[in-house]
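Encoded as structure tokens, the structure appears first; notes follow it.
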Amino acid sequence: MSKTWLGIFFITLLWSGINPKDYPTWMLETAPALIALIVLVMTRRKFRLTNLTYNLILIHSLILMIGAHYTYAEVPLFDWLQDVFNLQRNNYDKVGHLAQGFIPAIIAREILIRNYVLLNIKWLNFFIVCICLAISAVYELLEWVVALLSAEAAEAFLGTQGDHWDTQSDMAFALLGAMLALALLSDTHDRQMAKLAADQNQASS
């Protein structure tokens with residue numbers, strides 16, 4: 001994580017926290033980004049990640065913070081897209097759920113490969129997709145718990161916008177995101193992991 005990385009993170013977090021639509025929802029939505037930051041700081045020396053993975057985590061954090069500020073159902077750009085293309089709903093939450101598969105896929109891939117958990121590429125990809133779907137399912141269960149505890153917070157946090165199949169489509173987008181990440185970024189990720197390993201070996205020699 002560079003100073004630029006941290007600067008973008010905290011500037012966006014500060015903006016996100018100024019007069020958000022709903023503070024309880026803001027706390028729920030930004031919590032994963034803050035937890036990720038703590039984990040990254042704690043593991044920076046022992047298990048440094050590739051630049052690709054750090055940058056993807058930052059992008060995911062920004063998506064969460066924007067959604068937290070407006071709520072996922074009311075992000076202005078996607079309201080405009082809804083009007084222009086005559087869509088039935090604001091689809092910013094689908095961007096979030098696509099990222100919920102896309103970014104964790106690369107994180108899981110890096111952890112599994114560098115810790116030699118799985119070496120068979122076919123099984124590796126299968127388990128990565130399963131991990132991403134599990135993360136998506138846990139998030140949907142969390143939304144369900146919030147809905148049971150608070151009807152007011154549920155409306156902003158769930159963001160179903162009247163779509164009875166919202167949970168299923170959210171998980172489908174996470175699945176799509178995971179598969180896209182593996183298809184598009186695996187080669188780049190491999191090169192960055194090889195370079196990181198070479199840099200670490202050189203530093204230790």
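The values are calculated or read from the model by the stated rules, or taken from the named source; none is laboratory data. Note that this is a predicted model, so its numbers are computed, not measured. All Cβ positions, glycine included, derive from the backbone under ideal geometry; neighbour counts span all protein chains shown. For the accessible areas, the whole protein counts, side chains as well, though only heavy atoms, and no ligand, DNA or RNA atoms are used. Shrake-Rupley method; radii C 1.70, N 1.55, O 1.52, S 1.80 Å.
Considering only residues in the stretch 44-74 that are more than 22 Å from R109 (Cα to Cα), in a helix (DSSP H, G or I) and of a type outside the set (A, V, I, L, M, F, W, C), the one that is most open to solvent (accessible area, probe 1.4 Å) turns out to be Y70. The combined condition, being at pLDDT 80 or above and farther than 22 Å from L49 by Cα, is fulfilled by L133.
Within the bounds of the stretch 96-114, is there any residue that is on the phi < 0 side of the Ramachandran plot and part of a loop (DSSP other than H, G, I, E, B)? There is no residue in the stretch 96-114 that is on the phi < 0 side of the Ramachandran plot and part of a loop (DSSP other than H, G, I, E, B).
Remark: pairs (first residue in the stretch 1-24, under 16 Å from L62 (Cα atoms) and open to solvent by less than 70 Å² (accessible area, probe 1.4 Å); second residue of a type in the set (S, T, Y) and assigned to a helix (DSSP H, G or I); Cβ separation under 7 Å; 6+ apart in sequence or on different chains) = M1/Y54; W5/Y54; F9/S61; L13/T30; S16/T30.
When you check A31 against the structure, is it of a type in the set (G, A, S), more than 30 Å from A198 (Cα to Cα) and surrounded by 15 or more Cβ atoms within 10 Å (Cβ to Cβ), yes or no? So A31 does not fit the description; no.
In this structure, A181 does not satisfy being at pLDDT below 85, in contact with a helix residue (DSSP H, G or I) (Cβ under 6 Å, 6 or more places away or on another chain) and crowded, with 19+ Cβ neighbours inside 10 Å.
Every residue, every condition in (1) at pLDDT 90 or above; (2) buried (at least 16 other Cβ atoms within 10 Å of the Cβ); (3) under 30 Å from Q200 (Cβ atoms), yes or no:
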residue: L87; (1), (2), (3): no, no, no
residue: F157; (1), (2), (3): no, yes, no
residue: D163; (1), (2), (3): no, no, no
residue: T167; (1), (2), (3): no, yes, no
residue: A172; (1), (2), (3): yes, yes, no
residue: G177; (1), (2), (3): yes, yes, yes
